[in-house]
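The values are calculated or read from the model by the stated rules, or taken from the named source; none is laboratory data. Small disclaimer: the values here were computed from a predicted structure and weren't measured. Counting neighbours? That spans all protein chains shown, and the Cβs are built from the backbone with ideal geometry, glycine included.
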Amino acid sequence: MSDSMADKLKRKLSTKSITAMVVFGAIIMVFVFFGMPGQMGAGVGSVARVNNTLISVADFQNEENRIQQYYQNLFGSQMDFSSQRQLLRQQALENLVRMELVSQAAEKNGILATDAEVRDFIVKDIPFFQQNGQFQRELYSRYLESTRTNPGNFENKVRKDIANVRTRSLFELVTQPTAVELKKLHDIRGSKINVTFVKIDSEAASKAMTKEKAEAAIKALDEALVKGDEAAVNAQLKELKATWEETGLVGLDSETFPKITSSVATEAVFELTKTEPLLKRLVRDGNAKYVLKLKETKIEEVKTALEPMSVEMVQKRRGDGMFEAWINQFRSKSHVTMNTQALQLN
């Protein structure tokens, strides 16, 4: 094979190209909603704190608009979000907290974007700010005005986006499999696992009991998982009226697992081991939370060769798993508070 897997991934995961899509997509979302009445007042104040950084109401509103437009593109522009507004805002809040956590963890590990990179990116790599191939400050100023921000804040966001994408790319690059690992990957295709899991919906739990009791039970559940205390885990699940389900035997080369609809939870499945079948953390994906446990394994003989695309998929999955574990570890050591009243604002 003339090109190494790392070279292919470098081409696919160009920091500039991916960050351009992220930032340009956010810009498009803002102008889609430009001129519409604000849903949350003047956009002052904050909705969350991640360590010493505050997340503004303006950023929260922009993220809510971006997610809403995303779902409208999927399901049609006539989709009614009135009944799902709180869930949409919960996802927006969690997205912003997660992005800030990744940014802070990246900075702590020396993964940064320079002033020159940020400047060149804004001037050269965002088509929305250009006309006839030239940067137009007027277009840039209109965007800043519509988002109620200033050049310093926007440049800081671009800096974080570049560092975040660079961090994610690094995790995939360092998981390039060796020849020995490729042999193991071939053998893994014959491996099947059965995973038991519990899905907890925070909103549903709050309706089944008081919000305070639900939050206390989830916190106690998280602590029990960290300690690996399965009896305490089951006790808290009973308190939450949550029950275990099974995926059934599924090949390890599968992209999805039956009944587990979260990609974050699917990635976490690959952290399970025979020696420690119970995952020692609560898997969070927006409003949903998962408890995962390995129930059984089975091995079948496979004679066909491993396809290059399968190797790339496994590499990406491994990179994603390492990335999730890394950011969750940083989150566990961070101080995160969310202003849940923001979810109720009109």
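Counting the residues of segment 48-67 that are β-branched (Val, Ile, Thr) and either out of contact with any strand residue (DSSP E or B) (no Cβ under 6 Å at 6 or more places or on another chain) or not assigned by TED's automatic domain parsing to the domain that holds GLU100 (or both) gives 2.
The single condition among (1) buried (at least 18 other Cβ atoms within 10 Å of the Cβ); (2) at pLDDT 90 or above; (3) within 23 Å of ARG168 (Cβ to Cβ) that GLN315 does not meet is (2). Within segment 239-252, restricting attention to residues that are modelled with pLDDT of 90 or more and not hydrophobic (A, V, I, L, M, F, W, C), the residue that is farthest from ALA208 (Cα to Cα) is GLY248. Considering segment 228-244, the residues that are surrounded by 14 or more Cβ atoms within 10 Å (Cβ to Cβ) and in contact (Cβ under 8 Å) with a residue 40 or more places away in the chain include one that is nearest to PHE270 (Cα to Cα), namely VAL233.
Give the residue that is modelled with the lowest pLDDT, with candidates limited to residues of segment 132-152 that are among the polar types (S, T, N, Q) and in a loop (DSSP other than H, G, I, E, B).
THR147
Just one of the listed residues (ILE111, ILE122, ILE162) is part of a loop (DSSP other than H, G, I, E, B) and assigned by TED's automatic domain parsing to the domain that holds ASP59, and it is ILE111. Taking the conditions exactly as written (over 30 Å from GLU239 (Cα atoms), in a helix (DSSP H, G or I) and either in contact with a Gly (Cβ under 7 Å, 6 or more places away or on another chain) or free of Cβ contacts under 8 Å to residues at least 40 places away in the same chain (or both)), does LEU170 satisfy them or not? Here the answer is no, as LEU170 does not meet what is asked.
Does segment 131-149 contain at least one residue that is in the same structural domain as GLN236 (by TED's automatic domain parsing), in contact with a strand residue (DSSP E or B) (Cβ under 8 Å, 6 or more places away or on another chain) and either within 27 Å of ASN65 (Cβ to Cβ) or small (Gly, Ala, Ser) (or both)? No, segment 131-149 has no match at all. Could you check, for segment 88-101, whether at least one of its residues is under 17 Å from the mean Cα position of the chain (by Cα) and among the acidic types (Asp, Glu)? So far as segment 88-101 goes, yes, one or more of its residues are under 17 Å from the mean Cα position of the chain (by Cα) and among the acidic types (Asp, Glu). Take ALA205 and tell me if it is at pLDDT below 90, part of a helix (DSSP H, G or I), assigned by TED's automatic domain parsing to the domain that holds ALA265 and within 24 Å of the chain's Cα centre (by Cα). Yes, satisfied.
Of VAL198, VAL226, VAL264, VAL233, all but one fail to be modelled with pLDDT of 85 or more, farther than 25 Å from THR337 by Cβ and assigned to a helix (DSSP H, G or I); the exception is VAL233.
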